[in-house]
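Below is one structure, written out as structure tokens; comments come after it.
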Amino acid sequence: MRVRTRPPEDKPRTARRRRGLRSLLLAGTAALALPLSMTAALSGSAQAAAGECSVDYSVNDWGSGFTANLTITNESAQPINGWTLTYAYSGNQQLSQGWNATWSQSGQNVTVNSLDWNGTIAPGGTASAGANFTYSGTNTAPTSFAVNGVTCGEEPPADDPAVLASPSQLGIQPGQTGTFGVRLSAQPESNVQVSVARTAGNSNLTVSSGASLTFTPANWNTAQQVTIAAGQEGSGPATFTVSAPGHEPATVTATQLSGADSPHEERFLELYGQVMDPANGYFSEEGIPYHAVETLNVEAPDHGHETTSEAYSYLIWLQAMYGKVTGDWGPFNEAWDVMETYMIPGPVDQPTNSFYDPSSPATYAAEHMDPSNYPSPINGDIPVGQDPLAAELSSTYGTDEIYGMHWLQDVDNVYGFGNAPGAPCAGGPDTPGPSFINTFQRGPHESVWRTVPHPSCDDFTYGGENGFLDLFIDDDQYAEQWRYTAAPDADARAVQAAFWANRWASEQGNQGQIAGTLDKAAKMGDYLRYAMFDKYFKQAGDCTSAASCPGATGRGSAHYLLSWYYSWGGALDADAGWAWRIGSSHSHFGYQNPMTAHALLTDPDLAPASPTARADWENSLQRQVELYRWLQSADGGIAGGVTNSWEGSYQNPPAGTATFYGMFYDEAPVYRDPPSNQWFGMQAWSMQRLAEYYYETGDAMAGEVMDKWAAWVMSEVTIGDNGDFQIPATLSWSGQPDNWNPANPGSNSGLRVTVTDYSQDVGVTGSLANALAFYAAASGNEQAKDMAAGLLDAMWYHQDDLGIATTETRTDYERFNEELYIPPGWSGTMPNGDVIEPGATFSSIRSFYQNDPDWAQVSAYANGTGPAPTFEYHRFWAQADIALALGTYADLFGE
């Protein structure tokens, strides 16, 4: 399942020895650096302490340059609303690039300005930023820092309170009112007069009551209400400033909504406000969305405060809908910027792409069905094809780097690998901020419970003698390396969101505000084409032997579907450089996104710049829609997918296996513990995209598939009173589709699906409601429209302080004590010292879970001494899916 690069035969022996792993599924890394324990001794460190603020300053120094990491801590009792950090060097240090802030330098003086998303630092909270510098001679650390002109360590002003307002955003219908509360942050010595006034924006929004408020030493902490009234005409946002003498002001954005009365739009803004409230815990201090608010959460991410490219794409989509509702497009641009900063590896993170040889993109290693079959030997005798995209992309964008998201990130560096984006790799447990990591590497039966987490940049600091590489690949030489893997459905969702952002912003006359972000979305769509190709660029179709299936040239390896991943990596040692790229042979229907293909083909602002991109996406659009039709069961549900590499090693499948353009039907492509065709969420996610595409185009085949699918789904959904509802959860499959004939598609009478379990999964329900709403708008089906509204109403009964959640019983948590497969004789350690060796379990190499507040109930259940634990999870993607469904229903039906 893993592959590595093999340098050309004319390279010197030293280069040939620098070979290494090429990942199958989900890999990643950052660049090489000295361990932090060494850099402190080499370069020094500084910390301003006590008083208004403190600044932690540390460096990774490589002799001619260094990375500076700074963390500001707010030591005061009031929030910092917007910050400027200043300090000075004593030598010739020169700024190269910075992140998480706007960096500038004049002489020896450095200025660091906050961004919109990290400008507020709560009392006791922190904000972090970093930058790369060059220097010669001595790299002496600065000794003094100032935040907003106040030197850290000096006593703060005696009187520095603030006015607080909540919520900070309101959506108000024409002719209606909205309210927010105001209080003080600290007890005053005498009465304080607070005034509220509109200071910018829509003049149809006015303060109808609460323009002047009096707070006393007795009632300072009791909120008083301010009412904002909207006129009968007009729409758009206005800023209201809440101020008082001697106090930091607060601002509230009220938006007058357009069109008819829309409770769904109001609910969108209310849920949006809950998700964006920093107190509710959906985001890191960098503005990165966590997978879930709750930390004890094991699904595809194995910790709640990891995140995925999926979560970033949902953030972009959510902010697009917010721009549609409010006319404010700043958050949409900021969401893309956060994604680009933290989840797209930068130049430092993928340093040896220039060594990539498109005529020899990867060295073959077979995938195996079970972790116990690993490590997998590499085999340079198996033919591979040629990469037809690399030269074109390099010429188009003037770089060899890939513009795509890695899929998995340890946002709080819980594991301690410290692979921070834009900084050298192996930063270690003390490195703050997000870290590129990976888990899945060993075949379709490697569920999350059987994984060994490892760094995307493996410089052998952790793990065993060869880092973690020899758990996955059998090689005669191992090389320190970086590697990443994109999840194409997430990148496609980001492009899909950009399409709607452009539509809505253009309708408002605001398209110019997002033009730069649209250019980036088009670029992402260009690189997303790597998901259209066989893993080793072998012939697409009729591959029944790894040795005999030829490597392809041109588009011969293109299956034109959105496969499960594409991946890229290379050596850390540029003196013995190499790099590799792979596609994927496995395509799940749940990852397809015809709406993205349509967007890249029809929206001029999203047209990829590469000359062959349009033809590729035209073929992909047709192939994706055909795949849905081919996989549709007689009942209406969509079956698993298709593969060009049977069981991951190009085997000959069982006789009679159905084919699609020469590729083979796979009931559960990619993973089988549990089977990937079992979870109903794949149906809701993917068919929402097909429903959008049908709504936009009226495509006949898409409509045929949607008619049958919607009828099946609606027969399986029930909605009762007071929040009682259920949707399908678990599916069981039998049979297979007919062989695909595009001129005469079969009826698939032998392919059947049964719903075996139901749930109240709110995220899936949100996506289902969204799909039904688009289908209803496209087809005029009133039952689908009513069911979408009914599901949204039912979920609203389950609103709590953090969002929408229902109770989940997690019987799978008995697997916390499941033993991992570790090859005999192999041993290594995690950054915190947890030992990896035969007999290790999921929880033994994740000992940090023992400190989780929810550990007791999980441990008791896993040990057989307590009941199955229950949770009310607040997953970021789920809240976004619900909010998007609310916004979609309001947009389509205005009621």
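The values are calculated or read from the model by the stated rules, or taken from the named source; none is laboratory data. Only a predicted model underlies this, so the values are computations on that prediction, with no experimental measurement involved. A quick note on method: Cβ atoms are made from the backbone with ideal geometry, for glycine too, and the neighbour counts reach across all protein chains shown.
What are the residues in the stretch 288-342 that are part of a loop (DSSP other than H, G, I, E, B), more than 18 Å from Ala490 (Cα to Cα) and either charged (D, E, K, R) or modelled with pLDDT under 95 (or both), if any?
Scanning the stretch 288-342 gives Glu294, Asp302, Gly327, Asp328, Trp329.
Scanning for something surrounded by 16 or more Cβ atoms within 10 Å (Cβ to Cβ), closer than 16 Å to Ala250 by Cβ, within 36 Å of the chain's Cα centre (by Cα) and modelled with pLDDT of 90 or more, does the stretch 186-200 turn up at least one residue?
No: zero hits.
For the stretch 836-883, which positions are surrounded by fewer than 18 Cβ atoms within 10 Å (Cβ to Cβ), assigned to a loop (DSSP other than H, G, I, E, B) and in contact with a strand residue (DSSP E or B) (Cβ under 6 Å, 6 or more places away or on another chain)?
Ala868 - this is the single residue of the stretch 836-883 that is surrounded by fewer than 18 Cβ atoms within 10 Å (Cβ to Cβ), assigned to a loop (DSSP other than H, G, I, E, B) and in contact with a strand residue (DSSP E or B) (Cβ under 6 Å, 6 or more places away or on another chain).
Would you pick out the residues in the stretch 330-373 that are under 24 Å from Asn60 (Cβ atoms) and of a type in the set (Ser, Thr, Tyr)?
Thr341, Tyr342, Thr352, Ser354
Somewhere in the stretch 774-781, is a residue in a helix (DSSP H, G or I), farther than 26 Å from Gly641 by Cβ, at pLDDT 95 or above and not hydroxyl-bearing (Ser, Thr, Tyr)?
yes
The rows are residues; the columns are (1) in contact with a Gly (Cβ under 7 Å, 6 or more places away or on another chain); (2) at pLDDT 95 or above; (3) farther than 22 Å from Asp381 by Cα.
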site	(1), (2), (3)
Leu469	yes, yes, no
Phe472	no, yes, no
Gln477	no, no, no
Asp489	no, yes, yes
Ala501	yes, yes, yes
Ile514	no, yes, yes
Ser548	no, yes, no
Ala552	yes, yes, no
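Going by the structure shown, is Ala609 closer than 30 Å to Asn781 by Cα and aliphatic (A, V, I, L, M)?
no
Could you tell me which numbered condition Glu507 fails, if it satisfies all but one of (1) touching a residue at least 24 places away in the same chain (Cβ under 8 Å); (2) part of a helix (DSSP H, G or I)?
Unmet condition: (1).
Just to verify a result, which residue in the stretch 591-615, among those that are in contact with a Pro (Cβ under 9 Å, 6 or more places away or on another chain) and part of a helix (DSSP H, G or I), is surrounded by the fewest Cβ atoms within 10 Å (Cβ to Cβ)?
Arg614
Within the stretch 525-546, which residues are of a type in the set (Asp, Glu) and within 23 Å of the chain's Cα centre (by Cα)?
Correct list: Asp526 only.
Go over the candidates Asn817, Asn832 one by one and state the one that is of a type outside the set (Val, Ile, Thr), surrounded by 15 or more Cβ atoms within 10 Å (Cβ to Cβ) and touching a Ser or Thr at 6+ places or on another chain (Cβ under 9 Å).
It is Asn817.
So, of the residues in the stretch 499-551 that are under 17 Å from Tyr322 (Cβ atoms) and of a type in the set (Phe, Trp, Tyr), which turns out to be surrounded by the most Cβ atoms within 10 Å (Cβ to Cβ)?
Ranking the qualifying residues of the stretch 499-551, first place goes to Phe499.
On the given criteria, is Ser676 in contact with a helix residue (DSSP H, G or I) (Cβ under 8 Å, 6 or more places away or on another chain) and surrounded by fewer than 23 Cβ atoms within 10 Å (Cβ to Cβ)?
yes
Looking at the stretch 385-430, which of the residues that are surrounded by fewer than 24 Cβ atoms within 10 Å (Cβ to Cβ) and more than 30 Å from Ser359 (Cα to Cα) is modelled with the lowest pLDDT?
Once the filter is applied, the top-ranked residue is Asp430.
Can you pull out every residue in the stretch 453-478 that is touching a Lys or Arg at 6+ places or on another chain (Cβ under 9 Å), surrounded by fewer than 24 Cβ atoms within 10 Å (Cβ to Cβ) and closer than 21 Å to Val348 by Cβ?
Across the stretch 453-478, there are no qualifying residues.
Given the structure, is Ala244 of a type outside the set (D, E, K, R) and out of contact with any strand residue (DSSP E or B) (no Cβ under 9 Å at 6 or more places or on another chain)?
For Ala244, the condition - of a type outside the set (D, E, K, R) and out of contact with any strand residue (DSSP E or B) (no Cβ under 9 Å at 6 or more places or on another chain) - is not met.
Test of understanding: among Ala200, Ala238, which residue is outside the structural domain of Ala122 (by TED's automatic domain parsing), touching a Leu at 6+ places or on another chain (Cβ under 7 Å), assigned to a strand (DSSP E or B) and not hydroxyl-bearing (Ser, Thr, Tyr)?
Testing whether each residue is outside the structural domain of Ala122 (by TED's automatic domain parsing), touching a Leu at 6+ places or on another chain (Cβ under 7 Å), assigned to a strand (DSSP E or B) and not hydroxyl-bearing (Ser, Thr, Tyr) leaves just Ala238.
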